[in-house]
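Below is one structure; the comments refer to it alone.
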Amino acid sequence: MNENAAPAAGDAPVTDLGPNFIYDIIEDDLAHGFGRAIHTRFPPEPNGYLHIGSAKAIWINYSAAKKYSGLFNLRYDDTNPVREEDEYVRSIEEDLRWLGAVPDGGIFYGSDYFQQCYDFAEQLIREGKAYVCDLNQDEMRAFRGTLTQPGKDSPWRQRTPEESMDLFRRMKAGEFADGTRTLRARIDMASPNMNMRDPVLFRILHAHHHRQGDAWCVYPMYDFAHPIQDAIEGITHSLCSIEFENHRPLYDWVVDNIGFEAKPHQYEFARLNITHTVMSKRYLRELVETGRVDGWDDPRMPTLCALRRRGYTPSSIVSFVRRAGVSKAYSNVDIRLLEYCIREELNAGALRRMAVLDPIRVVITNYPEEKEETFPIANNPLDESAGTREVAFSAELYIEREDFAEVPPPKWQRLRPEGEVRLAGAYIIRCDEMVKDTAGNIVELRCTADLETRNEKPADGRKVKGTIHWVSAAHAVDAAACLYDNLFTLENVAEAPEDTNYMDYLNPESLLLRPGCKLEAVLADAQPGERFQFMRMGYFCKDTKNENTWNRIVQLKDSFKLE
RNA sequence: UGGGGUGUCGGCAAGUGGUAAGCCACAUGACUUUGACUCAUGCAUUCGUAGGUUCGAAUCCUGCCACCCCAACCA
């Protein structure tokens, strides 16, 4: 396949993300006798649905494994019982597989390693590298110091290993209340890196875990559990986003002090931001919980399930991630790049159909009222093998309201009073008369057709530049279409004061439901999720939840520029 | 005022001492029974900034500036 050709909708995404510093690191390791098969992982916390930003993290890890013949794990990072739910676990695997990232190294749960985490903690206590601290949360904060001032040692820092061991076991046994004690690493309270100021390893949490039930009342912190999970699974390259850069020294401390032979290493990349798009899980959850959207798969959401419902393909999303690139620099990728990626793919394969989203009636006055005929129209002019379909024509039609201008702007090519235009695949018509209602709205156009021009050039050689789409009134099916500006957008955020509630800046019109659309009859048989190009209107897909509704995947580029 | 990062075209992003790739966006023209698609052309004398080293610097050195992350018993 031509490397530059757009994949057909439904093709498996290309694995390789192209040259980037992550691949460079791995190649450098391999060149120096790495001695182990590359092994990566995607470790989401099951506290929300995957979004397009997750797709970047997934694909960086997945593609790194595939490119170097390694394995890729899915691991639920479920070390905090109060935030995690099974609903999210199910959705994560579904979305991961839909994207095309096969977890061929296995699917794991961080919570399955609780016992090992506990055992390693006892080991650290025994070796004097960890201690039980009785400071409460406020006291601990006070002892931690600030960004510019070193912290002070906890009064419990010199506790003997024996005493800490006894206390830690009693913590596990449930003798103490939440927040009364923690297990801390003995590192350096004066470290300029806050993460190294005796970080908490285990905390007491009498909470029900979505998988472990009530088996535990002490839970490991991310910074302790994550390197252990990676090491146990044999992860070689732990690729995460850049906000964890400050945690790497602690990650290494855990790996080194527990004494893992095969050490995993953490590398960081910049997370994905897209212009005008809310990407924070916190806000996405808020949108769902406050009912501002219909759910995590509301087509305006940037979640993978919403993108899927809207008609985006896995390959278009991966293509987007690839084109956006992988680096460590803060970035804000133009959402038009995403739109380009899906448009590129759909243009190559989507079947063309005529649809009128905002109809205006057209009566062909010189066409017999009872007559019907059909015209064969190409399903995809770029692909002859897509064949043709017969489209019914009659004296009463609908055209798009936007395709007529009573007072046309300069360079107008479509219908105007006294003007001619081609009905795609059929006759050239001329507008003779506008019929208006009492309010002055145009309700009907009365036109004459040049009956010699049935799908051919006029014999007299005159040029008719505009071509518009149409639908026969008697043969059309009714539907509703959802039109989107783009993903759930933030408007005027630049002007927002600090501590903004971004919910106030969400664009309320990023979804517009337009009922009363007239579609070509063949579309009645379309399956939910099938993608078509509505000629001149954009790419649409039949909604998977609302049978009679069509979601606009993306507009055609520049097609409405003159308006 | 500490530490860790990052700064190359409007947005991404290559480049690792030899004289600024590519993509998106944008503009112009051609083609067109989708003003789509496609095609052609244009779009950084300059790499946050000021010095320095060098025959030669986006790439090396020094100072400065801007932005991001870190003070959860979140991940």
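Points worth noting:
- Efficiency of FRET from Cβ geometry, A:Asp138 and A:Ala348, R₀ 60 Å, rounded to 0.05: 0.50
- Selected from A:Ile429, A:Leu519, A:Ala130, residue furthest toward positive end of dipole (chain A; charges at beta carbon): A:Ala130
- Degrees, to the nearest 10: A:248-258 long Cα axis against longest axis of chain A: 50 degrees
- With θ taken as phi - 60° and the Karplus curve 6.51 cos²θ - 1.76 cosθ + 1.60 applied, the whole-hertz 3J(HN,Hα) list for the range A:22-38 is 5, 4, 4, 4, 5, 4, 5, 4, 4, 5, 9, x, 4, x, 9, 6, 5 Hz, x standing for glycine and proline.
- Dipole magnitude (debye, nearest 20) for the range A:157-223, charges at Cβ of Lys, Arg, Asp, Glu: 60 debye
- Dipole magnitude for the range A:420-491: computed about the Cα centre from +1 point charges on Lys and Arg Cβ and -1 point charges on Asp and Glu Cβ, it is near 360 debye.
- Electrostatic dipole magnitude of chain A [Cβ: Lys, Arg +1; Asp, Glu -1; Cα centre; debye, to 20]: 660 debye
- 0 to 90° range, to nearest 10: angle between helix A:222-233 axis and chain A longest Cα axis: 80 degrees
- Short-range pairs are left out: with C-alpha atoms under 8 Å and at least six residues apart, the relative contact order of the range A:117-177 is 38 percent.
- Evaluating 6.51 cos²θ - 1.76 cosθ + 1.60 at θ = phi - 60° for every residue in the range A:391-397, the Karplus couplings come out as 10, 6, 10, 8, 6, 10, 10 Hz, glycine and proline recorded as x.
- Ordered by the number of other Cβ atoms lying within 10 Å of each residue's own Cβ, fewest first, A:Ser331, A:Ser238, A:Ser385 fall into the sequence A:Ser385, A:Ser331, A:Ser238.
- Along its principal axes, the range A:182-230 has C-alpha extents of 38, 23, 13 angstrom, given from the largest down.
- Each residue of the range A:194-207 was assigned a 3J(HN,Hα) from its phi angle through the Karplus curve 6.51 cos²θ - 1.76 cosθ + 1.60 (θ = phi - 60°); the sequence is 4, 5, 9, 7, 6, x, 5, 9, 9, 10, 8, 9, 7, 9 Hz, with glycine and proline shown as x.
- Working ranking of peptides A:406-415, A:124-133 by packing, defined as the average number of other Cβ atoms within 10 Å per residue, highest first, is A:124-133, A:406-415.
- Each of A:Ser331, A:Ser510, A:Ala215 was scored by the projection of its Cα onto the charge dipole of chain A, and the greatest displacement toward the positive side belongs to A:Ser331; charges sit on the C-beta of Lys, Arg, Asp and Glu.
- For the range A:276-341, alpha-carbon Rg relative to the globular expectation (2.2 N^0.38 Å, N residues): 1.19
- Over the residues of chain A, the helix contribution to mean residue ellipticity at 222 nm works out to -7500 deg cm²/dmol, using -39500 (n - 2.57) for each DSSP H run of at least 4.
- By average C-beta atoms within 10 angstrom, highest first, the peptides A:43-54, A:471-482: A:43-54, A:471-482
- For A:His469, A:His226, A:His210, order by how many other beta-carbon atoms lie within 10 Å, fewest first: A:His210, A:His469, A:His226
- Relative exposure of A:Arg361, A:Arg343, judged by other C-beta atoms within 10 Å (fewest first): A:Arg361, A:Arg343
- Net charge of the neighbourhood of A:Ile399, taken over other residues with C-beta under 12 Å away and scored Lys/Arg +1, Asp/Glu -1, is 0.
- Contact order normalised by residue count of chain A, Cα under 8 Å, 6+ apart, percent: 13 percent
- Taking amide H positions as modeled 1.01 Å from N, with prolines and chain starts lacking one, the residues under 5 Å from A:Leu351 and 5 or more places away or on another chain are A:Gln533.
- Note on chain A: dipole from Cβ charges, positive end direction compared against A:Leu167, A:Ser241, A:Tyr113; the farthest Cα belongs to A:Ser241.
- Measuring nothing but alpha carbons in chain A and taking Rh as the Kirkwood radius, the Rg to Rh ratio lands at 1.11.
- Compared with the dominant principal axis of the Cα atoms in chain A, helix A:86-99 is inclined by about 60°.
- The label-point distance for A:His208 and A:Lys557, in a model that sets each label 7 Å from Cα toward Cβ, rounds to 5.4 nm.
- Residues whose amide H falls under 5 Å from that of A:Val362, counting only those 5 or more places apart or on a different chain, are A:Leu397, A:Tyr398, A:Ile399, A:Leu445, with hydrogens built in the peptide plane.
Here, each number is a calculation from the coordinates, and none is a lab measurement. Because the structure is a prediction, the values reported are computed rather than measured. Because the Cβ atoms are built from the backbone with ideal geometry, glycine has one as well, and the counts that use them run over all protein chains shown.
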